[in-house]
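Trainee: Let me begin by handing over the structure; questions about it come next.
Each value in this text was obtained by applying a stated rule to the coordinates, not by laboratory testing. On a predicted model such as this, the values are computed, not experimentally measured, just so you know. Here the Cβ positions follow ideal geometry from the backbone for every residue, glycine too, while neighbour counts run over all protein chains shown.
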Amino acid sequence: MFIDLVQKKRLLTRTVFSLASSSFLFYNICVAKLFVVGTPIGNLGDITYRAIETLKSVDYIAAEDTRHTLQLLNHFEIKKPLISCRAQNERIAGEKIVKLLEEGHDIAYASDAGTPGVSDPGAVLVDVVRQAGFDVVPIPGPAAFATLVSVAGTGGKTLIFEGFLSPKPGRRRSRLKELMETGNAVVIYESPFRITKLLADIADIEGNRRIVVGR
């Protein structure tokens with residue numbers, strides 16, 4: 001009888017502990033958040049007040065390149081623990097970030113420049129965090145393609161954002177031809193080391209195409 005009571009007490013204790021742990025995790029899922037922060041694409045003055053306040057308020061900051069983001073944080077005198085979350089380790093870093101969220105920590109994510117997830121890492125992280133049940137909050141900021149479109153003075157109702165093309169000549173030309181055949185305005189990202197090759201390909205495919213180049 002005594003042994004039975006002891007076993008029941010231990011079972012009750014484990015049950016209470018399990019319920020407490022579950023309640024703690026549920027509370028953190030309702031409270032802890034991942035903030036996806038848009039950052040300047042060249043001029044630090046382009047950062048928003050909301051972005052600065054978010055970076056100041058969170059417990060950790062995940063970054064595509066911690067060295068690059070550290071320069072931004074130092075400029076605004078923000079000191080936070082940094083987590084590397086680049087394209088090569090995004091899912092693994094995402095799992096680490098989920099564990100921190102489960103502990104109740106708010107976390108911000110910033111790519112090197114512009115809006116994460118737009119031809120930058122971020123999409124995989126957002127998916128991992130959302131699948132774990134946590135809220136993901138966008139903090140709007142600059143995006144290179146939108147900035148260029150605003151001064152291009154061209155394009156109609158439909159705009160195609162392609163991002164980076166394949167560096168392989170055959171695939172690049174094939175995709176360029178498909179894009180040109182749509183008749184719509186197209187936004188493409190390209191490395192400064194390959195821009196002349198890209199322009200030459202466009203000229204060969206559609207020589208009278210109007211082009212606006214920005215950096």
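Trainee: With n ≥ 4 as the cut-off for DSSP H runs, can you work out [θ] at 222 nm for the chain, using -39500 (n - 2.57) per run divided by the number of residues, rounded to the nearest 500?
Mentor: Per the formula, -15500 deg cm²/dmol.
Trainee: On to the next question. Using Cβ counts within 10 Å as a stand-in for footprinting exposure, how do 174, 119, 150 rank, fewest first?
Mentor: If I rank by nearby Cβ atoms, fewest first, I get 150, 174, 119.
Trainee: To the nearest 20 debye, what is the magnitude of the charge dipole of the chain about its Cα centre, counting +1 on the Cβ of each Lys and Arg and -1 on the Cβ of each Asp and Glu?
Mentor: About 360 debye.
Trainee: Going by average Cβ neighbours within 10 Å, how do the peptides 100-109, 202-211, 46-55 rank, with the highest at the top?
Mentor: 100-109, 46-55, 202-211
Trainee: Now, a different point. How many lysine pairs in the chain, separated by 8 or more positions in sequence or lying on different chains, have Cα atoms less than 17 Å apart?
Mentor: 10
Trainee: OK, next. Take every DSSP beta bridge with both residues inside the stretch 32-142 and express the antiparallel ones as a percent of the total, to the nearest 5.
Mentor: Counting only bridges with both partners in the stretch 32-142, antiparallel ones make up about 5 percent.
Trainee: Report the full-extension gain for the segment residue 102 to residue 43: residue separation times 0.36 nm, less the Cα-Cα distance, to one decimal in nm.
Mentor: The span from residue 102 to residue 43 would gain 17.7 nm if fully extended.
Trainee: Here is a further query. In whole Å, what is the distance between the alpha-carbon centres of the stretch 93-168 and the stretch 182-212?
Mentor: Going from one Cα centre to the other spans 25 Å.
Trainee: What does the charge add up to near residue 31, with Lys and Arg as +1, Asp and Glu as -1, over the other residues with Cβ less than 15 Å from its Cβ?
Mentor: Here the count lands on -4.
Trainee: Next question. If you put +1 on each Lys and Arg Cβ and -1 on each Asp and Glu Cβ, how big is the dipole of the stretch 71-169 around its Cα centre, in Debye rounded to 20?
Mentor: Rounded to the nearest 20 debye, it is 220 debye.
Trainee: Now a separate question. Got a sec? Which residues in the stretch 54-69 would a label at residue 92 touch, if it sits 7 Å along Cα→Cβ and we count backbone N under 19 Å?
Mentor: So the set is 62-67.
Trainee: Something else now. How far is helix 169-181 tilted, in degrees, relative to the longest principal axis of the Cα atoms in the chain, given as a value from 0 to 90 rounded to the nearest 10?
Mentor: Around 80 degrees separate the two axes.
Trainee: Per residue Cα convex hull volume for the chain, in cubic angstrom?
Mentor: 173 Å³
Trainee: Could you calculate the contour length gain from residue 178 to residue 74, that is, 0.36 nm times the residue separation minus the distance between their Cα atoms, to one decimal place in nm?
Mentor: 33.0 nm
Trainee: Quote the FRET efficiency, to the nearest 0.05, computed for residue 213 versus residue 159 with a Förster distance R0 of 22 Å and r equal to the Cβ-Cβ distance.
Mentor: That pair, residue 213 with residue 159, gives E of 0.85.
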